[in-house]
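The structure appears right after this line, and notes come after that.
No lab work stands behind these numbers, since they all come straight from the coordinates. Since this is a predicted model, take the numbers as computed values, not measurements. Neighbour counts run over all protein chains shown; Cβ positions are idealised from the backbone, glycine included.
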Amino acid sequence: SAIKIAVLIGSLRKESLNHKLAKALERLAPHEFSFEHVRIDNLPFYNQDFDSDYPPVCRQLKEQIKSADALLFVTPEYNRSVPGVLKNAIDIASRPYGASAFAGKAGAVAGISVGATGTALAQQHLRNILAYLDVPLMGQPEVFVKYSDGLIDQDGNIGVESTKKFLQEFVDRYVDWVRRHVHT
Ligand code: FNR
């Protein structure tokens, strides 16, 4: 049956490599998997005052995540960590205390960078955050992609065969991981 994935991308820029990587991963998944990009560029900075009266746009974010069966995080690394925009969205969706949108939803993380570490350190921080938020995260394979010219185009076509094979392995494992965790 149909499985809905909420995709959280840690970059807001138009030409985002991580947006392209997300597209590429989506194209490698079976048809019963649908992917919805979660909007995070319209959110206010999280403020604990929200907890007593959550802003509508923050409620919408939580509803969109709650309505999904599972999660996919695709993020750049900023200064060896998670970009602030993504952390802000996670903080918003995790609150008020006890009413997180994430609890129990299976997920995976991936990322692409221009640097040789391929977002490894950002993903390690993200794993720490998501462990606390009770997201069962797939451990392997780790997707630390270093960008090179022609690797992925706008539509998510992958130009390098070995990369395509590796990303297909990741998606196949992710599909199994999600199916194991979704109770339908
Ligand atoms: C970066 N970049 C970067 N790359 C990396 O491998 N490790 C890092 O710690 C950082 N730090 C960093 C900080 C800031 C503020 C910026 C703007 C950039 C470079 C980064 O990999 C590159 O800009 C990617 O293209 C960003 O991803 P998107 O926006 O293309 O998805």
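Taking the options S81, S100, S67, name whichever one is touching a residue at least 24 places away in the same chain (Cβ under 8 Å) and within 16 Å of the ligand (Cβ to nearest atom). It is S81. Does any residue of the range 3-13 turn out to be in contact (Cβ under 8 Å) with a residue 60 or more places away in the chain and over 15 Å from the mean Cα position of the chain (by Cα)? Within the range 3-13, one or more residues are in contact (Cβ under 8 Å) with a residue 60 or more places away in the chain and over 15 Å from the mean Cα position of the chain (by Cα). Counting only residues that are under 13 Å from A29 (Cα atoms), out of contact with any Asp or Glu (no Cβ under 9 Å at 6 or more places or on another chain) and aliphatic (A, V, I, L, M), the range 135-174 holds 1 of them. Note on the range 136-153: among residues that are in a loop (DSSP other than H, G, I, E, B) and in contact with a strand residue (DSSP E or B) (Cβ under 6 Å, 6 or more places away or on another chain), the one that is nearest to the ligand (Cβ to nearest atom) is Y147.
The set of residues from the range 12-44 being under 17 Å from K164 (Cβ atoms) and more than 16 Å from the ligand (Cβ to nearest atom) comprises R27, L28, A29, P30.
Just one residue in the set I129, I158, I90 is surrounded by fewer than 21 Cβ atoms within 10 Å (Cβ to Cβ) and among the hydrophobic types (A, V, I, L, M, F, W, C); that residue is I129. Residues in the range 100-135 that are over 14 Å from the mean Cα position of the chain (by Cα), on the phi < 0 side of the Ramachandran plot, assigned to a loop (DSSP other than H, G, I, E, B) and of a type outside the set (A, V, I, L, M, F, W, C): S100, G115, T117.
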